[in-house]
Amino acid sequence: MPSSPPRPCRAPMCAGKTTHKHGYCDKHADQAVTWKKSPTAKQDRGGRPWRRKRQRILQRDKGLCQPCLHLGIYTPAVEVDHIVNIASGGTDSDDNLQAICDPCHKAKTQAEARRGRGEDA
């Protein structure tokens, strides 16, 4: 099988050519990033253990949105949310999870994103 034709190096202002998959010449090969999942990036969410935990939390909270319930409003919960998000040091333990409705979840996520950007939340 013939090799691919040399392409320009991805490093800025480099005139070198490469046939490497990462797109950097031999001089700049150290700039090639090997993407890895972060250790906290949705580790156990999405599989059977997470679905069981999600169901357990929804049953514990009687299928009601906890933020709404604190306001005296009875709203069906459709999601399970981290009270303290993973990026802020929260865990997947049951005491850090709550049943939540879609509008509350969106509002909470937007507020966390604003805080993460340094804006007033």
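Summary table below
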{"item": "Any hit, the stretch 32-44, residues being basic (K, R) and at pLDDT 90 or above", "result": "no"}
{"item": "Breaking point among (1) in contact with a Lys or Arg (Cβ under 6 Å, 6 or more places away or on another chain); (2) part of a loop (DSSP other than H, G, I, E, B), for V80", "result": "(2)"}
{"item": "Residue in the stretch 89-99 that is at pLDDT below 90, more than 28 Å from G118 (Cβ to Cβ) and of a type in the set (S, T, Y) present", "result": "no"}
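The values are calculated or read from the model by the stated rules, or taken from the named source; none is laboratory data. Fair warning: this is a prediction, and the values are worked out from it, not measured in the lab. All Cβ positions, glycine included, derive from the backbone under ideal geometry; neighbour counts span all protein chains shown.
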